[in-house]
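The values are calculated or read from the model by the stated rules, or taken from the named source; none is laboratory data. The structure displayed is predicted, hence computed values, not measured ones. For neighbour counting, all protein chains shown are included, and Cβ atoms are generated from backbone atoms with ideal geometry for every residue, glycine included.
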Amino acid sequence: MATNLLVTGSHGGDDPHVESKHDALMHAAMLGRGGYILKTRNWTMKPTAKDANNITIPAWDLVVEGRQIYIAAPTDVNIQSGSQGQKRRDLIVARYALNSGTGVETVTLEAIKGKPSAATPADPGIETGSIIGGAIVSDLPLCRVNLDGIIITSIDTLVNVMQPLEDVWDSLTQTQRIRFDRSGTTSANDEMHLSGAILPGSPAIAVISIVWVNKGAFKAQSWKATTLARMVGWKVIGSAVHSPAAENIVYEHLGKNQFAATGSGEIQYITPGTIDIFANAWHRGCLIAPVTPS
């Protein structure tokens, strides 16, 4: 009889065929193979120094290589005292361990002491093996404790917050379409396909696709811009942004001409020399530029 490979389903009877590694692999496929704070409980809180020898780790929910870690309450982790005239870096980690004899898996919070140095201390070594790859011990660094003498000078959080799908969706739905105004341009009667979107951020980023077919022949003057359109409500931050134009024009001019987005919000076509463009030539390109509302 063939082996039943199904995980999410009944094998009949009391066959305990679903193991922790199965769920972990599914979680890792969706969340990634790294280690993260889940945006559930206390995810905005940071590790703090309770005193010179104890670091308090918040009651976080974590995931590492698909395995969920639940810290039920704020937990103190003890570190050794610093030494006068010496600097040191200690790491607090969530240590995964598999007892290969019993099959029991555990995660504990551990302090790893760094090597003291009078000048530039380094992080101590940790267990970096992959749990999915078969490692029986693996550390997820949670924070770095910086000591100068016996004083804890700072604590650096080393694990990032995993953004849930609802936040990712919200960021995607904030994307705005760019409207373009072609009125008054010399290319107003040409065939033009302009599309663009504003990606939210600091700064916002405009992504613009250009497909232009000039209806009649014309002479492009050296470095004198031909205005194709204007972004409505947006302008480039700082200097104009240029990108090459792909075109079916005379061979000797290929690869030289450019599209540009400017500080006034114009979308332009620029040639570095005076050239004749024959009728019905096509020009294609993409512009990516930091923008601000105009």
(message) Considering only the stretch 252-260, I want to know if a residue exists there that is surrounded by fewer than 17 Cβ atoms within 10 Å (Cβ to Cβ), within 21 Å of ILE288 (Cβ to Cβ) and not aromatic (Phe, Trp, Tyr).
(response) yes
(message) THR44 - would you say it is of a type in the set (S, T, N, Q), modelled with pLDDT of 90 or more, surrounded by 16 or more Cβ atoms within 10 Å (Cβ to Cβ) and closer than 30 Å to ASP148 by Cβ?
(response) no
(message) So for the stretch 217-228 (the condition being in a strand (DSSP E or B), under 28 Å from the mean Cα position of the chain (by Cα) and either touching a residue at least 24 places away in the same chain (Cβ under 8 Å) or surrounded by fewer than 16 Cβ atoms within 10 Å (Cβ to Cβ) (or both)), does at least one residue qualify?
(response) no
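Per-residue answers, yes or no, for (1) under 24 Å from PHE259 (Cα atoms); (2) touching a strand residue (DSSP E or B) at 6+ places or on another chain (Cβ under 6 Å); (3) among the polar types (S, T, N, Q):
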site: GLN163; (1), (2), (3): no, no, yes
site: ARG179; (1), (2), (3): yes, no, no
site: LEU194; (1), (2), (3): yes, yes, no
site: ALA197; (1), (2), (3): yes, yes, no
site: PRO200; (1), (2), (3): yes, no, no
site: ALA204; (1), (2), (3): yes, yes, no
site: ILE210; (1), (2), (3): yes, yes, no
(request) State which residue is farthest from THR108 (Cα to Cα) when the search covers only the stretch 121-153 and only residues that are in contact with a Pro (Cβ under 9 Å, 6 or more places away or on another chain) and either of a type in the set (A, V, I, L, M, F, W, C) or outside the structural domain of ASN54 (by TED's automatic domain parsing) (or both). (result) LEU147
(request) Examine the stretch 85-95 for a residue that is over 23 Å from GLU127 (Cβ atoms), surrounded by 12 or more Cβ atoms within 10 Å (Cβ to Cβ), more than 35 Å from the chain's Cα centre (by Cα) and not basic (Lys, Arg), and state whether such a residue exists. (result) yes
(message) Testing MET30 on (1) of a type outside the set (D, E, K, R); (2) in contact with a His (Cβ under 7 Å, 6 or more places away or on another chain); (3) over 24 Å from VAL145 (Cα atoms), one condition comes back false. Which one is that?
(response) (2)
(request) Output the residues belonging to the stretch 38-48 that are in contact (Cβ under 8 Å) with a residue 12 or more places away in the chain and either in contact with a Leu (Cβ under 6 Å, 6 or more places away or on another chain) or not hydrophobic (A, V, I, L, M, F, W, C) (or both). (result) LYS39, THR40, ARG41, ASN42, LYS46, PRO47, THR48
(message) Would you confirm, using the coordinates I've provided, whether LYS235 is surrounded by 13 or more Cβ atoms within 10 Å (Cβ to Cβ) and not in a strand (DSSP E or B)?
(response) no
(message) On the basis of being within 23 Å of VAL104 (Cβ to Cβ) and modelled with pLDDT of 90 or more, does GLN84 make the cut?
(response) no
